[in-house]
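All remarks here apply to the structure that follows.
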Amino acid sequence: MSEDTKKTNYQYHDVSNVILHNNDDEHLTIRKTQYIPPDFLANLKRERDNSLNQKEGEYMRVASVPVQVHEQWLKEGFDMMKETPKAIVQRLQRQDLHAFITTKKQV
């Protein structure tokens with residue numbers, strides 16, 4: 001397997017919803033989870049560690065945020081699609097989600 005294939009050969013995992021029945025007939029709880037494979041996190045770490053040696057073009061990848069994190073942020077009023085890369089990185093840092101940051105460069 002080539003190095004390029006290794007970089008992009010990981011499976012994406014959708015958010016799973018599990019409906020939990022409470023002890024009464026009127027309320028339900030929906031638990032949302034998303035599996036993040038260890039090789040995905042290892043690839044992000046490798047990308048982050050090598051980022052200072054990469055020459056950036058017009059765009060620079062600063063993070064890879066899972067769907068479940070993005071959905072939680074939307075509930076909290078933070079729409080990363082409308083925020084600056086700096087704000088996204090700062091929020092990841094504040095929430096101790098450093099593993100999803102893909103660069104060591106100044107944003």
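Here are a few things to note about the model shown:
- Note on the chain: with a GNM built from Cα contacts shorter than 10 Å, the maximum mean-square fluctuation among 22, 53, 43 falls on 22.
- Restraint check, 32/86; 55/82; 55/86; 82/105, Cα-Cα greater than 24 Å: 32/86; 55/82
- For the range 55-107, pairs of C-alpha atoms spaced more than 13 angstrom apart make up 58 percent of the total.
- Coupling constants for the range 56-62 follow from the phi torsions by the Karplus curve (6.51 cos²θ - 1.76 cosθ + 1.60, θ = phi - 60°), and in residue order they are 8, x, 6, 10, 10, 6, 10 Hz; glycine and proline get x.
- A simple spin-label model places pseudo-atoms 7 Å from Cα toward Cβ; at residue 83 and residue 59 they are separated by 1.9 nm.
- Length-normalised contact order for the chain - Cα pairs under 8 Å, 6+ apart - percent: 28 percent
- R0 of 22 Å, Cβ-Cβ distance residue 106-residue 74: FRET efficiency to nearest 0.05: 0.20
- GNM remark for the chain: springs join alpha carbons under 10 Å apart, and the peak mean-square fluctuation among 65, 89, 15 falls on 15.
- Percentage, to the nearest whole number, of Cα pairs in the range 3-100 over 18 Å apart: 60 percent
- Most mobile of 75, 45, 86 in a GNM of the chain (Cα contacts under 10 Å): 75
- Helix axis angle, 38-50 relative to the chain longest principal axis, alpha carbon, degrees: 30 degrees
- Spin-label model distance (nm) - residue 90 vs residue 50, 7 Å beyond Cα toward Cβ: 3.1 nm
Values quoted throughout were computed directly from the atomic coordinates according to the rules given, and no laboratory measurement underlies them. Model, not experiment: these values are computed from the prediction. Please note: Cβ atoms are built from the backbone with ideal geometry, for glycine as well, and neighbour counts cover all protein chains shown.
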